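We did not get these values from a lab; they are worked out from the coordinates using the rules stated. Note that the structure is predicted; figures quoted are calculated from it, not measured. Virtual Cβ from ideal backbone geometry, glycine too; neighbours counted across all protein chains shown.
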Amino acid sequence: MASFIKPSSGTKTTRRTFTAVAEINVTPMVDVMLVLLVIFIVTAPLLTTGVNVNLPQTSRARSLPQDNTALTLTIEKDGSISLNAAKQDVVRLDLDVLRERLTAIREANPQVRVYVKGDASVPYGRMMEVMAEVTGAGITQVAFVTEPRRNPPPKR
């Protein structure tokens with residue numbers, strides 16, 4: 001905040017009397033707010049956590065209801081497994097630890113759902129290993145996540 005002093009008007013005297021003029025200079029505040037806005041605009045897309053996978057495309061898959069309490073199990077191109085529980089960060093797991101973690105989660109919530117996101121280039125055998133661990137943990141509500149097909153398949 002800045003202020004300046006100006007001479008008072010009125011009578012002519014040899015001595016000048018000064019009065020304070022209090023004004024708020026808004027320009028620095030606007031500058032700071034614009035810088036903060038730019039910072040938030042740049043950092044907001046970086047706050048989304050997740051694993052980058054290339055999902056397979058299907059033409060007849062139904063959309064599942066959005067459920068924030070579901071687990072997301074991601075299998076990347078290299079076969080590594082990540083578990084993203086609701087309101088938690090992504091946790092990388094080995095296949096032997098996966099069943100123990102899922103069993104503990106199922107005991108806490110018997111109605112837990114697991115959404116499996118597998119990269120399109122992951123071998124079928126690796127997907128079946130992961131599915132065996134999920135069903136071995138006693139979880140029965142499992143769904144695969146796909147993307148809708150961008151180009152319709154040719155008609156026969």
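For an R0 of 22 angstrom, estimate the FRET efficiency from the Cβ-Cβ distance between residue 111 and residue 135 and round to the nearest 0.05.
Values: r = 16 Å, r/R0 = 0.71.
My answer for the efficiency is 0.90.
Report the charge-dipole magnitude of the stretch 94-156 in Debye, nearest 20, computed about the Cα centre from +1 at each Lys and Arg Cβ and -1 at each Asp and Glu Cβ. Working shown, then result.
Values: 10 positive and 8 negative charges, 122 e Å.
Approximately 580 debye in magnitude.
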